[in-house]
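Undergrad: Take this structure first; my questions come after.
The values are calculated or read from the model by the stated rules, or taken from the named source; none is laboratory data. Model, not experiment: these values are computed from the prediction. Positions of Cβ are generated from backbone atoms using ideal geometry, with glycine treated the same way; all protein chains shown enter the neighbour counts. Accessible surface areas use protein heavy atoms only, side chains included; no ligands, DNA or RNA. Shrake-Rupley method; radii C 1.70, N 1.55, O 1.52, S 1.80 Å.
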Amino acid sequence: EVSLQEKISIVFFIMNEVGIFLDLKNELENEINFWKEKFRKTFGYQLFIDHPPHITLHNFFTDNLDQILNELIHDKLDNLYPLKSHILKTSYFPEDSKTHTTNLHYLVHKDNKLSDLQKNIVNKLAPFVNSKFSSKFDNEELNTNNRIYKYPYVGDMWIPHISICSLDKLKFENEVINEFINFVPDHEIEINKISIYTIHESNHSIVKEISL
């Protein structure tokens, strides 16, 4: 007899993991990759260090990728028109209670238009996706978002950023960490498309780009 956990594993095996991202221009992408390589040489493999640079709008499981693409293509995303943003600073999140790692990243300015773009996408796709996040969060707003939108990071809970990696031990006295935290990036970001990827572990395969 197949156990409940095995049934869950089978269901998610036949589903696609999908990411909806904002891709980066070459100059910013190269700078992020510079830091990724520097952290890799210093600390070895770390969580997310081999993921391509991007800003995540949504991340979920689905068994109907065609439906997802259809919803996005026929949505009125173009009424938001191309957006502009910029990098605020280098930063890090508090230690994640589940992975026990600390995410280092470039923090992206979030105005109302960028927030609306993300929430429109997450809200539009909620009936057609399954959440990646099954565990309970300490923050009840994350739990509520996860139930409603199948994604916890929406509205005030969404902090747009570009990950370098998540370190299992963050030591501020380390020279490379200090260099990163004190580095002042200077980049404008023009947002004129969203990119849809399928994801298998660290492998990201682009499926579709949709212009705004």
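Undergrad: Looking at region 174-196, which of its residues are surrounded by 12 or more Cβ atoms within 10 Å (Cβ to Cβ) and closer than 14 Å to L107 by Cβ?
TA: The answer is F180, I181, F183, P185, H187, I189.
Undergrad: Here is a follow-up. Being in contact (Cβ under 8 Å) with a residue 12 or more places away in the chain, of a type in the set (V, I, T) and closer than 19 Å to T56 by Cβ is the filter here, so list the residues in region 167-212 that pass it.
TA: Once the filter is applied, which keeps residues that are in contact (Cβ under 8 Å) with a residue 12 or more places away in the chain, of a type in the set (V, I, T) and closer than 19 Å to T56 by Cβ, region 167-212 yields I189, I191, I194, I196, T198, I199, V207, I210.
Undergrad: Could you check E201 against (1) open to solvent by 70 Å² or more (accessible area, probe 1.4 Å); (2) closer than 24 Å to I87 by Cβ; (3) not aromatic (F, W, Y) and say which number it fails?
TA: Going through the list (1) open to solvent by 70 Å² or more (accessible area, probe 1.4 Å); (2) closer than 24 Å to I87 by Cβ; (3) not aromatic (F, W, Y), E201 breaks only (2).
Undergrad: Among the residues of region 14-41, which ones are β-branched (V, I, T) and at pLDDT 95 or above?
TA: Passing the criteria: V18, I20, I32.
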